Amino acid sequence: MSNEIVFGKFGSLSPENYTMELISLCIESGMLNTAKQLEIKKALENEFTETAMQSTRRQSGSISESRAQLLASSVLYRSDVYLLSLRSHEKAASALVNMPMSSILKQGSTEILRLFEESMKIFRTAYNTRINADNHEYHYVTEKAYDEFRRNYSAQFDGAGCPCNIDYPLLGQNACDSKLKGVMFICDYYRCICLENKLCRLFSEADIIRLLESYAHERNDDYRQMYLNIAEVIADNLLGRAIIGKPLALELTENDVKDIGSRCKGLTADSITSLLEKGLSAYYKAISSPPLYMYLRQYAPAFAIRLGSAVQSGGTAGVFTVIKA
């Protein structure tokens with residue numbers, strides 16, 4: 001099988017079961033001979049045995065099936081973390097073929113510890129840039145969740161676990177939809193929170209609170225208790241303004257919303273996405289952060305689908321927020 005065909009299949013690999021899926025693909029393609037497969041199996045078994053012994057403090061006796069599954073998952077997570085750190089399916093496959101699995105596991109343990117320390121720096125940035133919006137879930141993730149994670153995380157015995165109850169969604173996605181686990185999830189999640197805080201800080205907290213209050217009022221609710229993403233409420237209005245060529249701001253009038261609907265009527269989601277990207281480009285200088293700009297661009301296609309569906313249904317109710325005086 002040609003490398004081109006093999007590597008083309010790598011796009012289907014999932015971060016949450018990376019090592020096992022990569023092994024299967026490499027076996028299927030003939031990249032792992034029988035001897036190498038046995039070496040990988042033996043190394044994983046040895047690492048599991050050692051981890052299990054450490055978990056029982058080297059006392060004799062069996063461990064429960066659920067505990068064994070947790071420890072096995074933690075062993076595989078070490079391999080996942082290292083192979084994913086290579087940031088290339090091709091490099092990961094090469095490492096799997098050419099490196100001893102014991103070395104991959106050791107490198108993975110080192111990378112987990114590095115990410116654990118890096119996560120503190122990322123969280124501090126998120127904490128220091130948080131906004132004073134008293135939404136329950138936002139407050140929890142920016143002030144309490146990370147401390148719970150750092151206090152309870154076990155890289156050795158539950159590396160893939162996340163011992164805190166993060167439920168606050170990110171822009172365009174639920175936190176639980178992430179394919180990453182453990183400390184990789186924490187680093188990625190708080191990087192996103194940092195970007196979303198940066199978006200919020202383009203506007204005054206007073207204007208953001210007015211927007212959130214209006215958003216909640218339209219739904220007969222209290223934004224402080226709602227399951228919402230603050231950055232998404234902001235981004236929706238910002239993207240609406242981008243479509244009709246208005247400067248970077250939060251406010252939309254009823255006429256603005258009608259104008260947006262007229263501009264998007266009859267357009268496909270792809271056409272609306274192009275319209276959004278063109279409008280966003282006018283905000284590039286004002287946003288003054290390439291990572292944040294790209295974060296918003298990544299949200300545009302999903303937003304375009306939602307907006308297009310609303311327009312086809314006869315309106316844009318629920319997409320934009322008209323700020324109440």
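The values are calculated or read from the model by the stated rules, or taken from the named source; none is laboratory data. This one's a predicted model, so the numbers in the text were calculated from it and none came from an experiment. Here the Cβ is made from the backbone with ideal geometry for all residues, glycine too, and neighbour counts use every protein chain on show.
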- Query: List pairs: first in the stretch 127-154 and surrounded by 14 or more Cβ atoms within 10 Å (Cβ to Cβ), second of a type in the set (S, T, N, Q) and outside any helix (DSSP H, G or I), Cβ under 6 Å, 6+ apart or cross-chain?
  - Reply: H136/Q225
- Can you spot a residue in the stretch 316-325 that is within 23 Å of N197 (Cα to Cα), part of a helix (DSSP H, G or I) and modelled with pLDDT of 95 or more? no
- Qualifying residues in the stretch 83-126 (those that are surrounded by fewer than 18 Cβ atoms within 10 Å (Cβ to Cβ) and of a type in the set (V, I, T)) - the one nearest to Y153 (Cα to Cα): T110
- Task: Might you let me know whether the stretch 211-228 holds any residue that is over 22 Å from the mean Cα position of the chain (by Cα) and small (G, A, S)?
- Result: yes
- Is it the case that some residue within the stretch 132-142 is under 20 Å from L84 (Cα atoms) and in contact with a Phe, Trp or Tyr (Cβ under 8 Å, 6 or more places away or on another chain)? no
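So which of L280, L267, L275 ends up being under 17 Å from V319 (Cβ atoms) and assigned to a loop (DSSP other than H, G, I, E, B)? Before you say what the answer is, go through the steps one by one.
Values: L280 fails: assigned to a loop (DSSP other than H, G, I, E, B); L275 fails: assigned to a loop (DSSP other than H, G, I, E, B).
Among L280, L267, L275, only L267 is under 17 Å from V319 (Cβ atoms) and assigned to a loop (DSSP other than H, G, I, E, B).
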- Query: Out of (1) in a helix (DSSP H, G or I); (2) more than 30 Å from L212 (Cβ to Cβ), the odd one out for G161 is which?
  - Reply: (1)
- Query: Out of all the residues in the stretch 214-244, which are in a helix (DSSP H, G or I) and under 13 Å from Y138 (Cα atoms)?
  - Reply: I230, A231, E232
- What are the pairs, 6+ residues apart or on separate chains, where a residue within the stretch 19-37 that is closer than 23 Å to V81 by Cβ has its Cβ under 7 Å from a residue that is of a type in the set (K, R) and surrounded by 13 or more Cβ atoms within 10 Å (Cβ to Cβ)? L25/K9
- Within the stretch 42-87, can you find the residues that are more than 17 Å from M20 (Cβ to Cβ) and basic (K, R)? R57, R58, R67, R87
- Message: Can you report the number of residues in the stretch 245-264 which are in contact with a helix residue (DSSP H, G or I) (Cβ under 6 Å, 6 or more places away or on another chain), surrounded by fewer than 18 Cβ atoms within 10 Å (Cβ to Cβ) and part of a helix (DSSP H, G or I)?
- Response: 1
- Examine the stretch 137-146 for a residue that is at pLDDT below 95, of a type outside the set (D, E, K, R) and outside any loop (DSSP other than H, G, I, E, B), and state whether such a residue exists. no
- The condition from (1) within 19 Å of V319 (Cβ to Cβ); (2) not assigned by TED's automatic domain parsing to the domain that holds Q298 that L195 misses is numbered (1)
- Query: Mind checking which residues of the stretch 162-195 are modelled with pLDDT under 95 and touching a Ser or Thr at 6+ places or on another chain (Cβ under 7 Å)?
  - Reply: K179
- Note on the structure: Matching residues in the stretch 133-188 (within 12 Å of the chain's Cα centre (by Cα), closer than 23 Å to Q225 by Cα and polar (S, T, N, Q)) number 2
